Amino acid sequence: MKRLSTGIGGLDRLIAGGIPEGFLVAAVGEPGTGKTIFSLHFAWRGIIEGQKVIYVTTEESRESIVNQAKMFGMDFEGAMRDKQMIIIDALLRSKSDKWNLVELSIEELVSKIIEAKKELGFGEARVVIDSMSAFWLDKPAMARKYSYFVKRVLNKWNMTIVATSQYAITTNFGFGFGIEHVADGIIRFKKLIKGGELKRYLIIEKMRQTPHSLKVHEIEIRDGIGMVVKGPVEYTRDEVTLPKEVREAVIKGVERRELEEKLMEL
Ligand SMILES: Nc1ncnc2c1ncn2[C@@H]1O[C@H](COP(=O)(O)OP(=O)(O)O)[C@@H](O)[C@H]1O
Ligand SMILES: [Mg+2]
C-alpha cells in the first residue's frame, strides 16, 4: 500500500509512514490547536513530491493561507504559478475570482475541486478542505451526509483528502461528528493550559489499515519550521477535568454515554 507523508516526520512515524493513498482523513479540534498548520504541511509535502494540490480555505482568505505557509518556508505562490496548486478561497466569495466559492454549498465545493483537478491535469492529487464543518454550520444534521457525498465523489479522482473540522467541547457536540463517521482516519488536536502555558497535543484516534500510535503526543508550532511532534505524554486527571458547570451544560446537549467517552479521552 502506498502511504503519503504528511510532511511532518514525527507524525509519519506515528502512522506507519504516512496516510494511505486515497484516504479521507479528518483533522479535528478546537480553534488554535494546529489543524490549519497540519494541513499546510500536508499540502506542501505534495508540492515537494510533484503531486497536484488543491487547498480549499473557508475560514481564512487565500492570502492569509499563503502568508501563514510562508512563515514555515512553504512557497505556495510559486506552486500556484507553476500550476501545481490551486487555492480555492471560500471566504471572500467573489464572482470575479474563478477560484472562489460563491456559495458555501457542498455541491459547489465538490464541482470546484473537480474543476481544479482538471485544470491542474493528470496525476495524483492531494486535497485539503479547511474546514469541512463550515459547510454544515447552519445545518449540523447534514454533516454525515455531506461528508459521505464528498468522499464518494472525490474517491473516483485519485485524491487523498485531509478535511478539518471544528470541534469544541463547550459548545456543540453535533459539530463535526459527521465527518468522523465517514473518515478513514481521525487525527484529533487538543490544547491545554498547563503551568500557565498553552500546550498542544495530538492523538491518532483512527487510521484504517494502519498499526498507529495510541498515545497522546505533545506538539509544538515553531516559527520558521511549523509543526513538530514530540514524544508521548501521560495525562493526569486533575489537569484536564472540566469545571462542573461546563460538564452540565454539555450533558444537556448529548447522550451521557457519548460525553463520558469524550471525557475519558481527555
Ligand atoms: N510563525 C509562527 N510561529 C509560531 N507559532 C505560530 C506561527 N504561526 C502560527 N502559529 C501558531 O499557530 C496557531 C494557529 O494554528 P492553526 O493551525 O491555524 O489553528 P486551527 O486549529 O484553528 O486551524 C496560532 O494561534 C499560533 O499559536
Ligand atoms: Mg484553521
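Condition first: assigned to a helix (DSSP H, G or I), in contact with a Leu (Cβ under 9 Å, 6 or more places away or on another chain) and of a type in the set (S, T, N, Q). Now tell me which residues in the stretch 131-169 satisfy that.
Once the filter is applied, which keeps residues that are assigned to a helix (DSSP H, G or I), in contact with a Leu (Cβ under 9 Å, 6 or more places away or on another chain) and of a type in the set (S, T, N, Q), the stretch 131-169 yields S147, N155.
If you check V128 against the conditions, is it outside any loop (DSSP other than H, G, I, E, B) and either surrounded by fewer than 18 Cβ atoms within 10 Å (Cβ to Cβ) or away from ligand 1 (no atom under 15 Å from the Cβ) (or both)?
When the stated conditions are applied, V128 does not pass them.
Tell me, please, whether a residue that is farther than 23 Å from W44 by Cα, modelled with pLDDT under 95, in contact with a helix residue (DSSP H, G or I) (Cβ under 7 Å, 6 or more places away or on another chain) and away from ligand 1 (no atom under 16 Å from the Cβ) can be found in the stretch 106-123.
Checked against the condition, which is being farther than 23 Å from W44 by Cα, modelled with pLDDT under 95, in contact with a helix residue (DSSP H, G or I) (Cβ under 7 Å, 6 or more places away or on another chain) and away from ligand 1 (no atom under 16 Å from the Cβ), the stretch 106-123 yields no hits at all.
Anything in the stretch 86-124 that is within 22 Å of S64 (Cβ to Cβ) and β-branched (V, I, T)? List them, or say none.
Within the stretch 86-124, I86, I87, I88, V102, I113 meet the criteria.
For the structure I just gave you, tell me whether I113 is within 16 Å of ligand 2 (Cβ to nearest atom) and under 21 Å from V25 (Cβ atoms).
no
Output the residue which, of all residues in the stretch 68-119 that are charged (D, E, K, R) and within 21 Å of S147 (Cα to Cα), is nearest to the chain's Cα centre (by Cα).
Checked the stretch 68-119; the qualifying residue nearest to the chain's Cα centre (by Cα) is D89.
Can you tell me how many residues within the stretch 142-189 are within 16 Å of ligand 1 (Cβ to nearest atom), crowded, with 23+ Cβ neighbours inside 10 Å and modelled with pLDDT under 95?
The number of residues fulfilling the criteria is 4.
Would you check if there is a residue in the stretch 233-256 being in contact with a strand residue (DSSP E or B) (Cβ under 9 Å, 6 or more places away or on another chain), in a strand (DSSP E or B) and at pLDDT 65 or above?
Yes, the conditions are met somewhere in the stretch 233-256.
Away from ligand 1 (no atom under 15 Å from the Cβ), crowded, with 18+ Cβ neighbours inside 10 Å, closer than 21 Å to I161 by Cβ and at pLDDT 95 or above - does that describe any residue in the stretch 63-75? So that I can check it myself, show each step before the final result.
So the first thing to find is which residues in the stretch 63-75 are away from ligand 1 (no atom under 15 Å from the Cβ), and the list is 75.
In the following step, the residues that additionally are crowded, with 18+ Cβ neighbours inside 10 Å were identified as none.
Checked against the condition, which is being away from ligand 1 (no atom under 15 Å from the Cβ), crowded, with 18+ Cβ neighbours inside 10 Å, closer than 21 Å to I161 by Cβ and at pLDDT 95 or above, the stretch 63-75 yields no hits at all.
For the stretch 25-33, state whether one or more residues are away from ligand 1 (no atom under 14 Å from the Cβ) and either farther than 18 Å from Q84 by Cα or hydroxyl-bearing (S, T, Y) (or both).
Yes - at least one qualifying residue is present in the stretch 25-33.
The values are calculated or read from the model by the stated rules, or taken from the named source; none is laboratory data. The structure displayed is predicted, hence computed values, not measured ones. Virtual Cβ from ideal backbone geometry, glycine too; neighbours counted across all protein chains shown.
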